[in-house]
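Student: Here it is, the structure, as structure tokens.
The values are calculated or read from the model by the stated rules, or taken from the named source; none is laboratory data. As the structure is a prediction and not an experimental result, all values here were calculated from the model. Every residue, glycine as well, gets a Cβ built from its backbone with ideal geometry; the counts of neighbours run over all protein chains shown. Note: accessible area is taken over every heavy atom of the protein model, side chains too, but ligands, DNA and RNA are not part of it. Shrake-Rupley method; radii C 1.70, N 1.55, O 1.52, S 1.80 Å.
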Amino acid sequence: MILGLEYHRSAARYLATRTATGTKLGGRMAGLLVGNMAPLRLTNLSEPRRPGDDWTRLKPLLSGICGSDLGLLSGSNSPYLSPMISTPFVPGHEVVAETMDELPGLPKGSRVVMDPVLSCRPRGVEPCLWCATGRESRCDRITGGAVSSGLQTGYCGDTGGGWSKQFVAHASQLHPVPDELSDERAVLVEPIACAVHSVRRVHVPAGASVLLIGAGTVGLFTLLALREFTQAGPIYVVAKHRHQRERALQLGATEVFEPKRAARALRRATGGSLQHPQMGEDFLLGGADIAFECTGGAGGLTSALRMVRAGGTVVASGIPSSGVDLTPLWYRELSLVGAYASDHGGPEQVTDDVPNAAEERTRADGRAGDFTEAVALAGTAPLDGYVDAVYSLSQWRDAIGHAFAAGRLGTVKVAFAPGQQ
């Protein structure tokens, strides 16, 4: 038996937490309310079985708390994802761990990070179109094969997840961690890989102006990836808290705006005119060339759509919420692009669903996978202190509460140390 945090789906609790976090009281005290009402329980679990010899048991060293985990607990994630989840399950997909079994080229005791997407190869099925071309994040067979439904490890009942003392993963999901990379940096590799993928989803012309909505983990790592992999011009960041503004400037932001003054400040920076509708947020006729929405909130996507120029592009990097006004998408003829998880990369990648498909195909040719780039970036970027709150599994209520209040408390990433007492 192993100790772990197990999620149980409950319609009643989903509605209760969604209602609580939607009130003014809930908005201020989301961490406390959801910590107490979360459909989680700390319990002794049976050890997850290895579905085959190409799987290994893993002992988590650190496991991060992601915004998608908080969305699950608060009821803000869309029910659209429910068929791609099998309950009960152990959350935790941002993990640095030690292998407990021998794998070819990966000895027992190796320190690894994990690409959590449970695509065709881990499932033991013939590759779908997307997996065959290195786009595993788009896998069409996410509900079949050797393990139960689960878009990722940490949402699958058969694999377990990082919020426990042990879980299982397929060899293709694992990436060795260099000896010089600390656990605190290694646990950031998965969200960095997602940021690299987001930046690669669109063409960023040299000198293009870019707007980032949000400066939490997703926003900061997207900024990092933009400076590392593109020749973007000015990058403007909308950040709520002082420590976020300081980190954004350290990572190369041109200017950082407070949310309430963002539209006016961006007008001064990029030109155009500021418009004041009878109801709703101000918007620009003009604005940035490209915007990345990194909060997952309806307000963030609404702001992004209102602050890009006509014909511009908005990338949804956070899990979208409902209640977004799409009128700017129509009126300003914008492109709205989704960015989910990360890909392995490879020479045969194609993108046939965006206007600049030929250019994307050329750029994808022979590129390194998102995780490969992320491991290297985690070792060189100024990320000391990004993981500054680590909790044992028994402290899970405090950990979840801290994660909900991370911005206000000056924290970027909260993590569990499952081996800690």
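Student: Inspect all residues belonging to segment 396-419 and state whether any of them is of a type in the set (S, T, N, Q), more than 22 Å from Gln173 (Cβ to Cβ) and open to solvent by 40 Å² or more (accessible area, probe 1.4 Å).
Tutor: no
Student: Select from segment 274-283 the residues that are among the hydrophobic types (A, V, I, L, M, F, W, C) and within 28 Å of the chain's Cα centre (by Cα) and list them in ascending order.
Tutor: Listed by number, the list holds a single entry, Phe283.
Student: Moving on. Residue by residue through segment 224-240, note down the ones that are open to solvent by less than 50 Å² (accessible area, probe 1.4 Å) and in contact with a helix residue (DSSP H, G or I) (Cβ under 9 Å, 6 or more places away or on another chain).
Tutor: Selection gives Leu224, Ala225, Leu226, Thr230, Ala232, Pro234, Ile235, Tyr236, Val237, Val238, Ala239.
Student: Counting only residues that are over 17 Å from the mean Cα position of the chain (by Cα) and of a type in the set (Val, Ile, Thr), which one in segment 287-314 is farthest from Val202 (Cα to Cα)?
Tutor: Thr302
Student: Of Gly134, Gly92, which residue is under 16 Å from the mean Cα position of the chain (by Cα) and in a loop (DSSP other than H, G, I, E, B)?
Tutor: Answer to the selection: Gly92.
Student: Here's another thing I want to ask about it. Residue pairs, Cβ under 8 Å, 6 or more apart or interchain, first in segment 392-421 and within 23 Å of Ala97 (Cα to Cα) and part of a loop (DSSP other than H, G, I, E, B), second open to solvent by 20 Å² or more (accessible area, probe 1.4 Å) and of a type in the set (Phe, Trp, Tyr). List them.
Tutor: Hits for this filter: Ala417/Tyr391; Gln420/Tyr391.
Student: Does segment 185-216 hold any residues that are open to solvent by 20 Å² or more (accessible area, probe 1.4 Å) and either modelled with pLDDT under 95 or within 11 Å of the chain's Cα centre (by Cα) (or both), and which are they?
Tutor: Answer for segment 185-216, where residues must be open to solvent by 20 Å² or more (accessible area, probe 1.4 Å) and either modelled with pLDDT under 95 or within 11 Å of the chain's Cα centre (by Cα) (or both): Cys194, Gly216.
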